[in-house]
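Asks: This is the structure I have questions about; it appears just below.
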Amino acid sequence: MQFVRQRLAFLLVSLWAAATINFILPRLMPGNPAVLMIGRFKGQLNARALKALELQFGVTHKPLWDQYLIYLNNLIHGQLGLSLTYYPVPVSQIIAESLPWTLGLVGVATLMSVCIGLMAGIYIAWHRGGKWDGIFSTMATFTAALPYFWLGLLMLFLFGYLWHWFPLAHAYSTSLTPAFTWPFIRNMLYHALLPAVTIVISSMGGWLLGMRNNMIQTLGEDYVLFGRARGLSQSRLMIHYAARNAILPSMTGFAMAIGFVVGGALLTEVVFSYPGLGYQLLAAVQNEDYPLMQGLFLIIAFSVLITNFIVEMLYGRLDPRTRGGVSK
Amino acid sequence: MSTSHVPISSPTVPTRRRLLRWRAIGRILEGDKRPIFGAAILAAFVLLAVCAPLLTPYSPSQTSFVPLSAPSARHWLGTTASGQDIMAQFLYGGRVSLGVGFAAGFIATLLAVVLGMFPAYLGGRTDTFMATFTNIMLVIPGLPLLIVITAYVHQTGPLVIALVIGLTGWAWGARILRSQTLTLSQRDFVIAARLAGENRWRILVAEILPNMLSLVVANLVFATIGAILAEASLEFLGLGNPDIVTWGTMLYWADAGEALLNGAWWWIVPPGLAIALVGLSLALINFGIDQLSNPRLRVNPSHRKTRNQKGAKL
């Protein structure tokens, strides 16, 4: 219970920190960049929207503290302002439209890459020093260094432009309307496959190498040695003794890993014009649509923080050592 | 500190320590050639970038050639849509990309050392606060944060990009160095130094820091890989200064110039491959450094034998 309370407190503090960074950044920059943006939109917005915008980005004489309280209050009520590109559509509506695409893409791709990476890591650690260990370790090191967007561009070039196996852009064919029907779902999966494979290939290497190192560490433990001396079967030693204990420590790096994967997924979306958060974020940056950009940053940060919290909860359930370790 | 009551033989102690470290490095490289391979790749890229003017007669911004021509004897890597020589861009671009990567990696590591070690050693509230701050910086996704910052800054040159990446990328290293500082400060030799009345800062810099040098170097390598990837990502998105030729901006122009549609693979492959190979080379070097700090990972050709021996003893 202590563990849950502690992780919950950290979640709240980090959510607050992300929100505060979001608030401070435009105000911290030399010559508040929002002044220019607001100047650009002066003729097109009505007085009330303009006023709200000025308040949101600190182009006002109100004390900083008041601005901050108003900002937090708006945030708690889910008010992220209006998008300027799609004026007067609320930012929250654009987020609601693009979030599912990113969640689906990143979720499925991460699940696949974690599973494949862990299994391959277990295998090569068991046969360490062998032929496959060398090949897989080197390959994983290489794929981990691949820039997501570059791999995406290559995939698009080979499978899209050159061989016409997969579509070049978007999440589904424009001739279809989204519905829970088999043709639509098939079309959706067909569009998601190439971006998902890009993410899986780029992110798998890290899991594989991390698992390999942890597995080698556990294989050196005395209880594994003892198990071997008792004559336990190879598979029992590999899975029940070594792997089960090695998986948990490789999850501690999850916080940072998921941050990288999300960053990479945003770039992948841009390459494949996949209508998720990353694609919208770049469009918002290019259009200097700061309210939309702020909202997207917040939702990306919040999703990562909450995912992390969930993983830590699972981790704490599975491994009693962490529950004691954290409170120490 | 004061040299008067230090035994005369003491200068040999650090020399001996250094000798042992070199011997350990030698033994690791004997069993594992990957770090040497990595260093060779990295050296090749640095050399290509440094010697750029000797290796190509063209300027990277010269637009006087036939656009989108495939690799040929005149243009080894072909030309861009606006008629620039890609080989020249590749060589000169490497200078900025590598420079920014290493600069940002260095800044991040420096911050990691300062923000990881000092509060941990001071302990108390400073440490609790910094540890929480580090953990928060660690979980907030880096690339979206970089995108937002560079969007506000506007027209970011390589210097600003290096600075921003360095200032946001220290958390992972700080966390590792913090826990190592906490472990080391309980070791006998540190306690002995403290009881002998050594200055606190001196203990930190002269006793603790040298003992986690391999972690610091590993962090430098790791932070540099991240920085090169982050820089390329920002520039690919058009958030850097597109007029400065780097591997990242080359890919930005390749995408904007519809290199894919025109089948100009020679425009896309070199910069991305270079980024990946530099990342790979640093990771290969890191394999060696990891083995220095974690002996269990050492690739020992005779490990089967030792395992059997251990088993026999049991």
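The values are calculated or read from the model by the stated rules, or taken from the named source; none is laboratory data. Everything quoted here is computed from the prediction, not taken from an experiment. A quick note on method: Cβ atoms are made from the backbone with ideal geometry, for glycine too, and the neighbour counts reach across all protein chains shown.
Asks: Restricting attention to the stretch B:32-80, which residues are in contact with a Pro (Cβ under 6 Å, 6 or more places away or on another chain) and under 21 Å from B:I285 (Cα atoms)?
Replies: Correct list: empty.
Asks: Ok, one more. Yes or no: A:M251 at pLDDT below 85, surrounded by fewer than 24 Cβ atoms within 10 Å (Cβ to Cβ) and facing another protein chain (nearest Cβ under 10 Å)?
Replies: no
Asks: Is it fair to say A:F149 is of a type outside the set (G, A, S) and at the interface with another protein chain (Cβ under 8 Å from one of its Cβ atoms)?
Replies: yes
Asks: Find the residue count for the stretch A:59-84, including only residues that are polar (S, T, N, Q), closer than 16 Å to A:I24 by Cβ and within 32 Å of the chain's Cα centre (by Cα).
Replies: 2
Asks: Test A:F142 against the stated conditions and say whether it is of a type in the set (F, W, Y) and within 25 Å of A:F272 (Cα to Cα).
Replies: Judged against the criteria, A:F142 is a match.
Asks: Could you tell me which numbered condition A:L176 fails, if it satisfies all but one of (1) assigned to a helix (DSSP H, G or I); (2) without any contact (Cβ under 8 Å) to a residue 24 or more places away in the chain?
Replies: (1)
Asks: Where in the stretch A:1-81 are there helices (runs of 4 or more DSSP H), lying wholly inside it, with at least 1 residues that are over 20 Å from A:E288 (Cα atoms), within 14 Å of chain B (Cβ to nearest Cβ) and basic (K, R)?
Replies: Helices (runs of 4 or more DSSP H) meeting the threshold: A:2-28.
Asks: Which of the residues belonging to the stretch A:276-285 are within 13 Å of B:V148 (Cβ to Cβ) and surrounded by fewer than 24 Cβ atoms within 10 Å (Cβ to Cβ)?
Replies: Of everything in the stretch A:276-285, those that are within 13 Å of B:V148 (Cβ to Cβ) and surrounded by fewer than 24 Cβ atoms within 10 Å (Cβ to Cβ) turn out to be A:L282, A:V285.
Asks: Let me ask you something else. It is to be established whether one or more residues within the stretch A:214-227 are more than 30 Å from A:L80 (Cβ to Cβ), of a type in the set (F, W, Y) and within 13 Å of chain B (Cβ to nearest Cβ).
Replies: yes
Asks: Somewhere in the stretch B:27-38, is a residue at pLDDT 90 or above, closer than 29 Å to A:I135 by Cβ and among the small types (G, A, S)?
Replies: Among the residues of the stretch B:27-38, at least one is at pLDDT 90 or above, closer than 29 Å to A:I135 by Cβ and among the small types (G, A, S), which makes the answer yes.
Asks: Checking A:F184 against (1) more than 13 Å from every other protein chain (Cβ to nearest Cβ); (2) surrounded by 14 or more Cβ atoms within 10 Å (Cβ to Cβ); (3) at pLDDT 85 or above: exactly one of these is not met. Which one?
Replies: Result: A:F184 fails condition (3) only.
Asks: So how many residues does the stretch B:265-289 have that are more than 9 Å from chain A (Cβ to nearest Cβ) and aliphatic (A, V, I, L, M)?
Replies: Summing the residues that are more than 9 Å from chain A (Cβ to nearest Cβ) and aliphatic (A, V, I, L, M) in the stretch B:265-289 gives 3.
Asks: What is the number of the single condition among (1) in contact with a Leu (Cβ under 8 Å, 6 or more places away or on another chain); (2) modelled with pLDDT of 90 or more; (3) of a type in the set (A, V, I, L, M) that A:L318 does not meet?
Replies: For A:L318, the exception is condition (2).
Asks: Looking at A:E312, A:E221, which one is of a type in the set (D, E) and touching a residue at least 40 places away in the same chain (Cβ under 8 Å)?
Replies: Exactly one residue qualifies, and that residue is A:E312.
Asks: Can I ask one more? Can you confirm whether the stretch A:218-226 contains a residue that is of a type outside the set (S, T, N, Q) and buried (at least 19 other Cβ atoms within 10 Å of the Cβ)?
Replies: Within the stretch A:218-226 (the criterion being of a type outside the set (S, T, N, Q) and buried (at least 19 other Cβ atoms within 10 Å of the Cβ)), the answer is yes, since at least one residue qualifies.
Asks: State all residues of the stretch B:226-241 that are more than 21 Å from the chain's Cα centre (by Cα) and within 11 Å of another protein chain (Cβ to nearest Cβ); if no residue qualifies, say none.
Replies: Of everything in the stretch B:226-241, those that are more than 21 Å from the chain's Cα centre (by Cα) and within 11 Å of another protein chain (Cβ to nearest Cβ) turn out to be B:L237, B:G238, B:L239.
Asks: What's the number of the only condition in (1) within 13 Å of chain B (Cβ to nearest Cβ); (2) at pLDDT below 85 that A:L208 fails to meet?
Replies: (2)
Asks: Is it the case, given these coordinates, that A:S235 is outside any loop (DSSP other than H, G, I, E, B), more than 30 Å from B:L251 (Cα to Cα) and under 26 Å from the mean Cα position of the chain (by Cα)?
Replies: Against the criterion (outside any loop (DSSP other than H, G, I, E, B), more than 30 Å from B:L251 (Cα to Cα) and under 26 Å from the mean Cα position of the chain (by Cα)), A:S235 does not qualify.
Asks: Only one residue in A:L15, A:L103, A:L111 is buried (at least 17 other Cβ atoms within 10 Å of the Cβ), closer than 30 Å to A:A196 by Cβ and under 20 Å from the mean Cα position of the chain (by Cα), so which one is that?
Replies: The match here is A:L15.
Asks: Where residues in the stretch A:135-146 are more than 9 Å from every other protein chain (Cβ to nearest Cβ) and farther than 13 Å from A:I201 by Cβ, which of them is surrounded by the fewest Cβ atoms within 10 Å (Cβ to Cβ)?
Replies: Step by step, filter the stretch A:135-146, then rank; the result is A:I135.
Asks: Of all the residues that make up the stretch A:249-287, how many are under 20 Å from B:G238 (Cα atoms) and assigned to a helix (DSSP H, G or I)?
Replies: Final tally of qualifying residues: 21.
Residue by residue, here is whether (1) modelled with pLDDT under 85; (2) within 14 Å of chain A (Cβ to nearest Cβ) holds:
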residue	(1), (2)
B:V217	no, no
B:T224	no, yes
B:D243	no, no
B:G263	yes, yes
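Asks: A further question on this structure: So in the stretch A:288-298, with the set limited to residues that are in a helix (DSSP H, G or I) and within 10 Å of chain B (Cβ to nearest Cβ), which one is farthest from A:P195 (Cα to Cα)?
Replies: A:Y290
Asks: From A:L189, A:L154, A:L193, A:L168, grab the single residue that is within 14 Å of chain B (Cβ to nearest Cβ) and assigned to a helix (DSSP H, G or I).
Replies: A:L154
Asks: If you don't mind, another one. Could you run through the stretch B:38-60 and say how many residues are surrounded by fewer than 16 Cβ atoms within 10 Å (Cβ to Cβ) and not aliphatic (A, V, I, L, M)?
Replies: Qualifying residue count for the region: 4.
Asks: Next question. Which one of A:I95, A:I116 is within 14 Å of another protein chain (Cβ to nearest Cβ) and either part of a helix (DSSP H, G or I) or in contact (Cβ under 8 Å) with a residue 12 or more places away in the chain (or both)?
Replies: Just a single option satisfies the conditions, and that option is A:I95.
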